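The block underneath contains the structure these notes are about, expressed in structure tokens.
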Amino acid sequence: MSSAVIETETTVEQWTIDPSRTTVEFEVEHLWGLHTVRGRFHSFHGTYIVGPGGSGIELTIDAGSVDTSCPARDNHLRSADFFGADEHPLVRFTSTRVTGLGSGRAHVSGELEAAGRRVPLAFDASVRLIYGDLELEATTTVDQTRFGMSDGPFRNVGRPTKLRVKTRLVRSESRF
């Protein structure tokens with residue numbers, strides 16, 4: 001990644017998510033593992049910033065944009081049983097530390113906030129420079145009950161939920 005991001009003592013580079021080339025997806029076992037529910041979010045934005053103080057990643061997702069291709073399930077996911085999107089319309093990840101840059105991989109630590117609760121989250125990500133854009137891909141898991149989300153009336157929603165983000169970021173500004 002050292003070839004992708006040039007950092008000097010006075011340069012800060014910002015990369016912004018291109019929504020048309022980004023997917024924010026999840027999957028979770030349902031009905032005691034007999035079925036896997038897959039879904040995605042359609043509305044989100046985020047940045048990757050590199051500067052003298054280090055690197056930072058932010059991703060903000062509109063919880064109401066959840067889509068599993070089943071409108072009744074999507075409405076239930078927006079309800080207080082899960083995201084509580086009326087009261088907590090955004091899901092946010094904010095990094096607290098990004099390490100290991102330079103090898104095409106990064107280790108990212110931070111906080112994921114959903115349904116009004118924050119939990120620590122750490123994961124590895126691949127980072128590549130592609131035709132002047134930055135591609136970042138990460139997959140991790142999180143126990144959704146840590147956010148107070150339901151595991152179903154018969155404990156039929158499996159844990160943990162698998163999260164996957166694959167994004168293209170475009171250079172949006174460099175400041176000195």
> What is the number of the single condition among (1) open to solvent by 50 Å² or more (accessible area, probe 1.4 Å); (2) free of Cβ contacts under 8 Å to residues at least 60 places away in the same chain; (3) within 20 Å of PHE41 (Cβ to Cβ) that LYS166 does not meet?
Replying inline: (2)
> Which of the residues spanning the stretch 41-54 are more than 15 Å from ILE17 (Cβ to Cβ) and open to solvent by 20 Å² or more (accessible area, probe 1.4 Å)?
Replying inline: PRO52, GLY53, GLY54
>> Which condition from (1) closer than 19 Å to LEU169 by Cβ; (2) small (Gly, Ala, Ser); (3) over 15 Å from the mean Cα position of the chain (by Cα) is the one that SER69 breaks?
In response: (1)
> Within the stretch 65-84, can you find the residues that are outside any loop (DSSP other than H, G, I, E, B), more than 30 Å from ARG128 (Cα to Cα) and either among the hydrophobic types (A, V, I, L, M, F, W, C) or open to solvent by less than 30 Å² (accessible area, probe 1.4 Å) (or both)?
Replying inline: ALA72, ASP74, LEU77
> Quick check: is even one residue across the stretch 28-41 part of a strand (DSSP E or B) and under 20 Å from LEU129 (Cβ atoms)?
Replying inline: no
> Taking VAL127, is it farther than 22 Å from SER65 by Cβ and buried (at least 16 other Cβ atoms within 10 Å of the Cβ)?
Replying inline: yes
> Taking only pairs six or more apart or across chains, which ones have beta-carbon atoms under 7 Å, a first residue in the stretch 59-77 that is at negative phi, and a second residue that is open to solvent by less than 20 Å² (accessible area, probe 1.4 Å) and of a type in the set (Asp, Glu)?
Replying inline: VAL66/ASP74; ASP67/ASP74; THR68/ASP74
> Consider GLY132 against the criteria (1) out of contact with any strand residue (DSSP E or B) (no Cβ under 6 Å at 6 or more places or on another chain); (2) within 26 Å of ASP67 (Cα to Cα); (3) open to solvent by less than 70 Å² (accessible area, probe 1.4 Å): it satisfies all of them except one. Which criterion is unmet?
Replying inline: (2)
> For the stretch 85-111, what are the residues that are buried (at least 20 other Cβ atoms within 10 Å of the Cβ) and either within 12 Å of the chain's Cα centre (by Cα) or in a loop (DSSP other than H, G, I, E, B) (or both)?
Replying inline: ALA85, VAL91, PHE93, SER95, VAL108, GLY110
>> So, in the stretch 109-153, exactly how many residues are within 22 Å of ARG168 (Cα to Cα) and β-branched (Val, Ile, Thr)?
In response: 5
>> What are the pairs with Cβ atoms under 6 angstrom where one residue, in the stretch 79-92, is closer than 19 Å to GLY46 by Cβ and the other, located anywhere, is open to solvent by less than 60 Å² (accessible area, probe 1.4 Å) and assigned to a strand (DSSP E or B)? Sequence gap at least six, or different chains.
In response: LEU90/THR60; VAL91/ILE61; VAL91/ALA114; ARG92/THR60; ARG92/GLU113
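The values are calculated or read from the model by the stated rules, or taken from the named source; none is laboratory data. Fair warning: this is a prediction, and the values are worked out from it, not measured in the lab. Because the Cβ atoms are built from the backbone with ideal geometry, glycine has one as well, and the counts that use them run over all protein chains shown. Surface areas here come from the heavy atoms of the whole protein model, side chains and all, with no ligands, DNA or RNA. Shrake-Rupley method; radii C 1.70, N 1.55, O 1.52, S 1.80 Å.
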